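Here is the structure we will look at.
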Amino acid sequence: MTCRQSRMLRNLLFWMGLASMGFCPPGVRCQQAGADAARGYQALTRRAFVPGQFPMSQIENAWKLWGLKEKPANYRDLFRERYGLAEAPYPNGDLPMGLKSSRMPLGTEGASLDCLTCHGGSLLGKPFPGLGNTSLDLQAIFEELTTRGTKPIRTPYTFCNTRGTNEAGATSVYLAGLRNPDLSPKLPWRDLGLHDDLCEDVPAWWHLKRKKTMYATAEADARSVRSIMQFMMHPLNFPSAFEREENTFRDIQAWILSLNPPKWPWKIDTARADRGRLVHRQHCARCHGTQDHYPNKVIPLEEIGTDPTRYRGIEEAFGDFYNQSWFSMEKDGWFGPGYKAQRSGGYQAPPLDGIWATAPYLHNGSVPTLEALLNSPMRPNIFTRSFQTGENDYDREKVGWKTEAPPAKAPVSPLEARKIYDTRQPGRANGGHTYGDKLSPEERTDLIEYLKTL
Ligand code: HEC
Ligand code: HEC
């Protein structure tokens, strides 16, 4: 066997036995005919859509990799904290939100990831399905839970470079490389342009109903159900599984479309917020829209000036595969127009509904608070945070997460290093979007007060 073949085989085994999850795509603006949101929530929270990736024995014994001598009494809490998973607000056995009981390929007990691994966050200490998970360390999950032993494994690519962001895009590109356009298995693996430094911040699902296009780059049709099924490309899911589950994902999409943003839970200075509304009308609404109208605007990379890595990191080769594949053929079947991916040239200005709850900001999560987003010289260049979401971790003044300077001595452990957001690293630049810089301090404070009301 050549080196290349052996690497491919290793990678394939990795995905079959262990890994796989998804990227996610897309949505629709109103629930589609026959779809049912309540059924969707059931499916989302009760069913696994890929075979087990993590042996249950390892979920019980992961502490052996943490440098501990014995299993701590509060193991479940420490487990959630280490990997950045919230408690499940629905029946889920002993597992946290984002892990689902699922048989391993050889029939033993295991668990797999699901949509809520990334899309189940927590807010002020409470689990919140549909909010992006900005505490997650997906790299630690794959290194420490896919093994059956006391040594972390090496993953075929990086799942997370900095905690709270993930490489969902790389996962789609990687898994698509093992499929033909009709989704039948394909070997050898073909590189459709794999980049694992996009540092994606997971968007809140309640925006989907306002959007015509989805993802940071607006490159997918928000109505597409098949696009959000890319998650199912585990090598042991056959093409028939995709057909079979399409209606289930239509229901899941209906649930996503039923979500609303949470309300700011503290007092609001209404006189200030009223003045802030005018600042918003004048300086922000042309791109972000208002409560009544959302323009679905894409701003070219050169104009917005934020980190272009995410945009460039999904290449034409993947787009071409996607547009020839089952995923894009939704509407009128294989020979119809379908929901194609398209190049957009920039980033979509997202709706600002519930913006107080979705820090950190920008598509790469590089800016921890609204205050810093609206005053670019104030943005910290290197910082860490608690990765907890309690009231004490939340900054009500600046609106977002409290941050600290990183430890003076760079941590040796990769897990600790991932807790540091260093904006000089690839995919993590915090420049651009300087539209708040020219505001007076008074206008900015008014504007932030208004943003709390959305
Ligand atoms: C590994 C983490 C991860 C998993 C698992 C995951 N997603 Fe996502 N999802 C993301 C990220 C990151 C984005 C933003 C991608 C981008 O724009 O760069 C996203 C975007 C989306 C969007 C578009 C939102 C918008 O406003 O543009 C939808 C809808 C979505 N995901 C649905 C799902 C569904 C349904 C599942 C489960 C089948 C799922 N996702 C699984 C990480 C994940
Ligand atoms: C020229 C269009 C444009 C204007 C004007 C503009 N924005 Fe944006 N905004 C964008 C785009 C595009 C993004 C996404 C950039 C990215 O993620 O790289 C964005 C991102 C944001 C985000 C981060 C969203 C998130 O979920 O992370 C916030 C908050 C925001 N803008 C608020 C404002 C406010 C407040 C104003 C008014 C002072 C404003 N913007 C003016 C285009 C604009």
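The values are calculated or read from the model by the stated rules, or taken from the named source; none is laboratory data. It should be emphasised that the depicted structure is a prediction, and the values quoted were computed from it without experimental measurement. Note: ideal-geometry Cβ built from the backbone for every residue, glycine included; neighbour counts use all protein chains shown.
Which condition does Ser376 not pass, out of (1) in contact with a helix residue (DSSP H, G or I) (Cβ under 7 Å, 6 or more places away or on another chain); (2) within 12 Å of ligand 2 (Cβ to nearest atom), if it passes all the others?
Every listed condition holds for Ser376 apart from (1).
Please go through the stretch 309-333 and pick out each residue that is surrounded by fewer than 20 Cβ atoms within 10 Å (Cβ to Cβ), within 16 Å of ligand 1 (Cβ to nearest atom) and over 28 Å from Arg244 (Cβ atoms).
Matches in the stretch 309-333: Thr309, Arg312, Glu315.
Cβ-Cβ below 8 Å, separation at least six or inter-chain, first residue in the stretch 358-369 and at positive phi, second among the hydrophobic types (A, V, I, L, M, F, W, C) and assigned to a loop (DSSP other than H, G, I, E, B): which pairs?
What qualifies is Gly365/Cys199.
State whether one or more residues within the stretch 150-168 are away from ligand 2 (no atom under 16 Å from the Cβ), hydrophobic (A, V, I, L, M, F, W, C) and buried (at least 18 other Cβ atoms within 10 Å of the Cβ).
yes
Give the stretch 120-167 a look and list any residue that's among the basic types (Lys, Arg) and over 16 Å from Ala357 (Cα atoms), or say none.
The initial filter retains those residues of the stretch 120-167 that are among the basic types (Lys, Arg), namely 126, 148, 151, 154, 163.
Matches in the stretch 120-167: Arg148, Lys151, Arg154, Arg163.
Would you check which residues across the stretch 189-229 are of a type in the set (S, T, N, Q) and either buried (at least 23 other Cβ atoms within 10 Å of the Cβ) or at pLDDT below 95 (or both) and list them? So that I can check it myself, show each step before the final result.
Taking the stretch 189-229 and keeping what is of a type in the set (S, T, N, Q), we get 213, 217, 224, 227.
Hits for the stretch 189-229 are Thr217, Ser224, Ser227.
Please specify each residue of the stretch 231-250 satisfying the condition of being within 29 Å of Gly354 (Cβ to Cβ) and crowded, with 24+ Cβ neighbours inside 10 Å.
Answer for the stretch 231-250, where residues must be within 29 Å of Gly354 (Cβ to Cβ) and crowded, with 24+ Cβ neighbours inside 10 Å: Phe231, Phe249.
Is there a residue in the stretch 188-200 that is under 30 Å from Asp353 (Cα atoms) and in contact with a His (Cβ under 8 Å, 6 or more places away or on another chain)?
Going through the stretch 188-200, the residues under 30 Å from Asp353 (Cα atoms) turn out to be 196-200.
The next check asks that each one be in contact with a His (Cβ under 8 Å, 6 or more places away or on another chain); those that pass are 200.
Among the residues of the stretch 188-200, at least one is under 30 Å from Asp353 (Cα atoms) and in contact with a His (Cβ under 8 Å, 6 or more places away or on another chain), which makes the answer yes.
Quick check on Thr306: is it within 12 Å of ligand 1 (Cβ to nearest atom) and either out of contact with any Pro (no Cβ under 6 Å at 6 or more places or on another chain) or touching a residue at least 40 places away in the same chain (Cβ under 8 Å) (or both)? Break it down into steps so the answer makes sense when it comes.
Working: within 12 Å of ligand 1 (Cβ to nearest atom): no; either out of contact with any Pro (no Cβ under 6 Å at 6 or more places or on another chain) or touching a residue at least 40 places away in the same chain (Cβ under 8 Å) (or both): yes.
It is false that Thr306 is within 12 Å of ligand 1 (Cβ to nearest atom) and either out of contact with any Pro (no Cβ under 6 Å at 6 or more places or on another chain) or touching a residue at least 40 places away in the same chain (Cβ under 8 Å) (or both).
In this structure, does Ile355 turn out to be farther than 30 Å from Arg223 by Cα and of a type outside the set (Gly, Ala, Ser)? First the steps, then the outcome.
Values: farther than 30 Å from Arg223 by Cα: no; of a type outside the set (Gly, Ala, Ser): yes.
Judged against the criteria, Ile355 is not a match.
Looking only at helices (runs of 4 or more DSSP H) that fall completely inside the stretch 272-317, which ones have 2 or more residues that are under 15 Å from Glu219 (Cα atoms)?
Numbers: elements: 285-288, 301-304, 309-313.
Those helices (runs of 4 or more DSSP H) span 309-313.
Confirm whether Leu198 is part of a loop (DSSP other than H, G, I, E, B), within 16 Å of ligand 2 (Cβ to nearest atom), in contact (Cβ under 8 Å) with a residue 40 or more places away in the chain and farther than 19 Å from Arg80 by Cα. Explain how you work it out, then say what you get.
Working: part of a loop (DSSP other than H, G, I, E, B): yes; within 16 Å of ligand 2 (Cβ to nearest atom): yes; in contact (Cβ under 8 Å) with a residue 40 or more places away in the chain: yes; farther than 19 Å from Arg80 by Cα: yes.
For Leu198, the condition - part of a loop (DSSP other than H, G, I, E, B), within 16 Å of ligand 2 (Cβ to nearest atom), in contact (Cβ under 8 Å) with a residue 40 or more places away in the chain and farther than 19 Å from Arg80 by Cα - is met.
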